[in-house]
1. Using the crude model of +1 on Lys and Arg Cβ and -1 on Asp and Glu Cβ, and no other charge, please compute the dipole size for the protein assembly as shown relative to its Cα centre, in debye to 20.
2. Provide the descending list of Cα extents for region C:139-235 along its principal axes, expressed in whole angstroms.
3. Which one, B:Pro343, B:Gln5, B:Gly139, projects farthest toward the positive side of the charge dipole computed for chain B from Cβ point charges (K/R +1, D/E -1)?
4. May I ask you to compute the full-extension gain from C:Arg83 to C:Val55, defined as 0.36 nm times their residue separation minus their alpha-carbon distance, rounded to one decimal in nm?
5. Which one of B:Pro163, B:Thr288, C:His151 has its Cα pushed farthest toward the positive end of the charge dipole of the protein assembly as shown, where Lys and Arg give +1 and Asp and Glu give -1 at the Cβ?
6. Taking the C-alpha atoms of region B:1-83, how large are the radius of gyration and the largest Cα-Cα span, Dmax, in Å?
7. Which whole-percent values make up P(r) of region B:146-219 when all C-alpha to C-alpha distances are grouped in 10 Å steps starting at zero?
8. Mind listing the phi-derived Karplus ³J(HN,Hα) values for region A:59-65, rounded to whole Hz, using 6.51, -1.76 and 1.60 with θ = phi - 60°, and x for any glycine or proline?
Amino acid sequence: MTSEPSLTSRRKMLATSVGVIGAALAALTVWPFWRFLNPQAGSAQAQTVTIDRSQIEVGAAHFFEFRGHAAVLVQPAPGQFAAFSAVCTHLGCIVTWRAQEQIFFCPCHAGRFSPDGRVVGGPPPRPLPSYPVTVTGDQIRIG
Amino acid sequence: MGLKQRAFDWLDLRLGVRDILQQNLTHYLLPRNINVWYTLGATLLVLFSLQFITGIFLLVYYIPNTEQAFASVQRIMNDIPYGWLVRFLHATGSNVVILVLFLHMLSTLYMAAYKRPREITWIFGFLIFLVSLAMSLTGYLLPWSQLSYWATTVATESAGATPVIGEAMIHFLRGGPAVGEFTLGRFFALHVMGLPLIFALLAGGHLFCVRRIGVSRPPFGPDYLPEAPGTSFHHTDHSGGIPFFPNYVVKDLMVIAFFLTLLAAGAFFAPQLSLPPEAFEPADPFRTPPGIKPEWYFLAAYQLLRILPNEFLGLVVQGGAVAFLLFLPFIDRGPERRPGRRPLFLGLFIVGLAGFLILTVWGYLS
Amino acid sequence: MSALRLCLSASLLLLLTTQAYGVEGGAQESSSCLSCHGALTGRLGEPVAAWEGSVHAANAIGCHSCHGGDPTIASMEAMSPERGFLGVPAETEIPPFCGKCHAGVEEDYLQSAHGETLGAGGPQCVTCHGNHAVAVTTLDLINPESCSRCHEYGRAEEIKGALAETDRLITELQATTERQHRLGIATDDQRKQIFAVRNDFHRLFHSVDVQQVVARSGEFQQRLQPVAQELQATDEELSQRRLIGAGAVLLLALVTVLLGFLRHTYKKEEQSDPGAGSGPL
């Protein structure tokens, strides 16, 4: 049997509204659960690390944890500081600091980076990402 | 339309989907005088699923260890984005689930839907109810708050009223003489694994029975007549009835949306109803908070234990009531289902319900 | 005795027998002071009832915390001097008696005009705070009736006036932390900070030095600013949550109503055609 046209159109309108609101509610519900599983999203970007100046000599490097990854601080010349991600841009190994040569060296595939992060040899496709450094008195702040 | 149609045809060719859908949706007919109480099963399915989902999410950050449990819940509430929402939904949800379980059970009793041939369905359902209470009780301990600790102490203590083996039972329930890390361990295992597994099996059994036997016809209206007891298996079909889809699904969805509204209102605006002040204080085995009370659904049992002269008598009465309800289909065996023609049952139903409500309010006030 | 009390005492007994009982909490059930003195009438029994409603009782500070002795012994031995029993302190002994815990206040009090006249008719702790029924102090303790027992109210009133705003702020912030804590917000840090400021603030007016109190009262408000801001931020977050909640509840309620109407369209059809099922959606 068929229903009256007015009833059918009314039904269609109601079903569509329910569907639209229901879909919106479902989409809105996904958001908190997504955020729940990503507790450090956003907050990590704001993170800074402070390192005491005594921990790093001229020509040496200091490794530390920064925003969930290994990072490194170097002092190529007195009072001149630079901070980089210590994660090699080739395949993600952690670079080491070669004080004699004054380069970052990746032990996995012999990638080489200069003290300002540029690629000077080996397979890495990109320079090491650098982080802003501010020096206040004896404190060096990264980030 | 083309792609959708083709995908459907592809599936239909392999699994006979069209047939399944027809049998279970459009050609699945329900009695014409079906009422709103029949939606509670579907509602419970949705609410329990939500408990499972929020529970699994809480499990991501919860630490089942007396040293860290409270702090991990604090972290969920304060540091994890929307952790407060997930926890409030889980806590409020447990209360809504119990409420709907009560309604589902009461309507089944009133309409005598537990009678032959649906005795097994009833038993599965009643066991689900008991398992749900056990899930509430075990979940209560996990946050390791003052409320958790003392509510569990009191609840397990009541087993001590059993003669001879009372002390041993308390010891067994707690895994030691007092509530402690072993209690938390066993309650945690039960709450997140043991009881949900039993629940899933029981729910599967319950649903199988419902579908296999067919929905009972509400015992109302001028043309209702009790079914004559059959001698062979017979699926109750309702020819000339209304199709499950779309007619009744819409009603199911409406009631589901109603209870979800209730849940959201509770979780956002009245979480205190599910979490009394002691729920936010860490457990302290050396300090009993004054006036601690069980959850609302245990208040009647709690008050009964208090007013009877002897605790063992209280346990016997409670055990008797549970056994009576569990085996009700085998005690109340007449084919008549119309409430008006079952004065004895109706009287018992009203007295029992009123007694439960009075005891609950009394327990709350005293 | 109710069943719950029975259960609780039974479980406590269980705890007593199974675990070392070395913590002050739970004093109410275990103290021999209370069990004996509670049964006495007159001067020896009165302190029990007075103490029960006090701030000390609420924080599980029992008799022996001040009076010494051993509450785990159920004989007169509990009150032997060898067990550290102090009994009733002499008037000049009262400040060190309370100062065992309230050390900062004792220090400022002893340097104040009040403290200088201790033993010479000047007031000591109990004069203003009472003893066993001691309650959380409010500014109302400074009142004409009380102060003019010894001197004119004028200076006291001036001090009270200078304290009022800071006191109000402290009370308000404490109430805010309580309210937020009730919703599961971790306010321990803020509560401790407020408590520290409150403690210093209470020391300040035990100096009863009008000029100093007037000069420094504002300092404490400054110190409370960071806490006030944190609590404010949490309150804003809470109202945001309510907004989200209101949206969710409204949408769900709307869906419920719409589905009700939708169901009605089928109902109408079922009634008009009592023979068969419905048409297509």
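1. Its charge dipole is roughly 4080 debye.
2. 48, 24, 17
3. Of B:Pro343, B:Gln5, B:Gly139, it is B:Gln5.
4. Net length gain for the segment: 7.5 nm.
5. Positive-end residue among those listed: B:Pro163.
6. So, for region B:1-83, Rg and Dmax equal 22.1, 60 Å respectively.
7. 17, 31, 23, 16, 13, 0
8. Couplings: x, 10, 10, 10, 9, 8, 8 Hz.
The values are calculated or read from the model by the stated rules, or taken from the named source; none is laboratory data. In this text the structure is predicted, and so the values were computed from the model without any measurement. Every residue, glycine as well, gets a Cβ built from its backbone with ideal geometry; the counts of neighbours run over all protein chains shown. Quick note on the areas: whole protein, heavy atoms, side chains included, nothing else; ligands and nucleic acids left out. Shrake-Rupley method; radii C 1.70, N 1.55, O 1.52, S 1.80 Å.
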